[in-house]
Amino acid sequence: MDDDGEDRISGLPDELLHAILARLGSPGSAVRTGVLSRRWRHLWAPQPELVLGFVLDAPRPPLPAFLEAVDAALAACAAPTLKRLCILPPGGGGGVPAGRLEPWLRFASERVVGSILLLVRPPPETCGEEEAVLDLPACEGVTTFDLSFEGDWRLRPASAGIFRALTVLRILSCRIEASELAALVSTHCPCLTDLMLTSIVLVSDSDLPIRSDSLRSLWFAVRKTRRLEIVALRLEKLCVSAPIHEARISAPNLAELEWSHPVYNPNCHHFDDVGCRLRKLELGLNASLMQQFDEVDELKLAMFIPEGIAAYQNFLDETNLPKCKILTVSSGWDYHGLVPGMLHLLRSCSSMRKVFLLDYSDYAMRQPCVPACPCLLEESNRIDDISLGSLEEVEITSYTSYHGALEFVEQLSRCNVPILKKVVLKQKTDSAPPPTKELCEKIRSMWQPNNIEVEYCVFSDRGECVCID
């Protein structure tokens, strides 16, 4: 107000006032502007976005008060359509009953023409009970739908209606019938491109068919899936992180595959019309899926070799690498030597340009191998049959002790690496003291004749990384 008491802010055009309110971040803040002037009291109602959630730095409101505020805000909303609806109840104080949540979803189905983010959980007394059912109506205008339930809610999609505009769907933590999930993805979402199903549990052990002409990315973590069938002509990215008894996947445009659970059986898990080349392949504890492909641009392996001769022999038989440009190995070599294991991987592929090794080995607890283990044989440490004519960079990160990494670097320095340019050694600071200056100079001297740059770094849990001269 000026010296005469005139409210000049309220004299601004509606369009400018709406722009100011839109930058406040939440309707709660917008509603509080009503104390400035009578004209401001309902200005927030036509806003194209509703973000209903507590502010991190402010005291958390009681859950009942928050639920009342959400109901009031949705009832007062005067905007014919919303570009975004976000509801984030405060933690603690119980959960949201299904009967309270369903009107919010009906509102979304009628008004939202953009994105929805809903992060709720059922009340504690309903967790684990099959009767806690939430009906999901068809939302024709929604383009992005994030549903996070944080509990054992049963989700029941509408049997009629279409999510006509939906391109991105993410569902976290609920139970659902396999037939309803299949219908939702394959029939009711004709434009779906990105699908993430995380911590989902089918009501009973069931077959799950997913057929889509639009799907490009699928993250699949659905338990109690007996048989998974995927037919997706445009699918480019697939991540499977839940155990599946059987699978048949037809995806001719598949470029990136992550198979992170330990079970893969070529007799039960079939890849049809997938091709022999991938842009990226990421595997968990079972590396035999590599044999499905001839060439991979980027290969990531999370490996663990159990104790015993048979386990190491199985590693030798199953880990023949496809042709690849970038290799990342994340492993704990708790029962067998890091050096012979890494030399075996390098021996089976000569096309690599970059190698990244993440060593989680607990050297203090390592048990010695039996004398007859193949990892102790002289031929397992041979380097004369290793030729890495394309290798340009090696980076080794040690999370416990750097001793295994140094042994590997010493062996690598004797290999045929004609165009290698850089070796980087990283050490976690709270696991072991960094290598001494004398040791660093010794390692540099291994590479000096070839003018290869050697870099030492230490890092902490906070992510800070410092180079050592």
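The values are calculated or read from the model by the stated rules, or taken from the named source; none is laboratory data. In this text the structure is predicted, and so the values were computed from the model without any measurement. All Cβ positions, glycine included, derive from the backbone under ideal geometry; neighbour counts span all protein chains shown. These area figures cover heavy atoms from the full protein model, side chains too; ligands, DNA and RNA do not enter into them. Shrake-Rupley method; radii C 1.70, N 1.55, O 1.52, S 1.80 Å.
Assuming residue 367 fulfils every condition listed in (1) out of contact with any helix residue (DSSP H, G or I) (no Cβ under 8 Å at 6 or more places or on another chain); (2) touching a residue at least 40 places away in the same chain (Cβ under 8 Å); (3) within 22 Å of residue 415 (Cβ to Cβ) apart from one, which condition is it?
(3)
Given the conditions (1) more than 33 Å from the chain's Cα centre (by Cα); (2) farther than 13 Å from residue 340 by Cα, which single one is not true for residue 363?
(1)
For segment 250-295, which positions are within 19 Å of residue 221 (Cβ to Cβ), among the small types (Gly, Ala, Ser) and open to solvent by less than 20 Å² (accessible area, probe 1.4 Å)?
The answer is 251, 284.
Which helices (runs of 4 or more DSSP H) sit wholly inside segment 20-117 and have at least 1 residues that are basic (Lys, Arg) and at pLDDT below 85?
Working: elements: 27-32, 63-76, 98-111.
Correct list: 27-32.
Under 9 Å between Cβ atoms, which residue pairs at least 6 apart in sequence (or on different chains) link something in segment 416-445 that is farther than 28 Å from residue 461 by Cβ with a partner that is at pLDDT below 75 and surrounded by fewer than 17 Cβ atoms within 10 Å (Cβ to Cβ)?
So the pair list comes out as 417/450; 418/450; 420/450.
From 358, 343, 301, 327, which residue is out of contact with any strand residue (DSSP E or B) (no Cβ under 9 Å at 6 or more places or on another chain), modelled with pLDDT of 90 or more and closer than 22 Å to residue 427 by Cα?
Working: 358 fails: out of contact with any strand residue (DSSP E or B) (no Cβ under 9 Å at 6 or more places or on another chain); 301 fails: out of contact with any strand residue (DSSP E or B) (no Cβ under 9 Å at 6 or more places or on another chain); 327 fails: out of contact with any strand residue (DSSP E or B) (no Cβ under 9 Å at 6 or more places or on another chain).
Just one listed residue meets the conditions, 343.
Restricting attention to segment 376-392, does a residue exist that is among the basic types (Lys, Arg) and more than 20 Å from residue 333 (Cβ to Cβ)? Spell out the reasoning first.
Filtering segment 376-392 for residues among the basic types (Lys, Arg) gives 382.
Filter once more, keeping what is more than 20 Å from residue 333 (Cβ to Cβ): none.
The answer is no, given that none of the residues of segment 376-392 is among the basic types (Lys, Arg) and more than 20 Å from residue 333 (Cβ to Cβ).
Examine segment 366-380 for a residue that is open to solvent by less than 50 Å² (accessible area, probe 1.4 Å), over 26 Å from the mean Cα position of the chain (by Cα) and under 17 Å from residue 303 (Cα atoms), and state whether such a residue exists.
Checking segment 366-380: at least one residue is open to solvent by less than 50 Å² (accessible area, probe 1.4 Å), over 26 Å from the mean Cα position of the chain (by Cα) and under 17 Å from residue 303 (Cα atoms).
Residues 135, 213, 146, 205: which one is of a type in the set (Asp, Glu) and either in contact with a helix residue (DSSP H, G or I) (Cβ under 8 Å, 6 or more places away or on another chain) or open to solvent by less than 20 Å² (accessible area, probe 1.4 Å) (or both)?
Exactly one residue qualifies, and that residue is 135.
Please verify whether segment 403-413 includes one or more residues that are in contact (Cβ under 8 Å) with a residue 40 or more places away in the chain, over 25 Å from residue 314 (Cα atoms) and surrounded by fewer than 16 Cβ atoms within 10 Å (Cβ to Cβ).
Taking every residue of segment 403-413 in turn, at least one turns out to be in contact (Cβ under 8 Å) with a residue 40 or more places away in the chain, over 25 Å from residue 314 (Cα atoms) and surrounded by fewer than 16 Cβ atoms within 10 Å (Cβ to Cβ).
Test residue 232 against the criterion of being hydrophobic (A, V, I, L, M, F, W, C), open to solvent by 40 Å² or more (accessible area, probe 1.4 Å) and without any contact (Cβ under 8 Å) to a residue 24 or more places away in the chain, and give yes or no.
The answer is no for residue 232.
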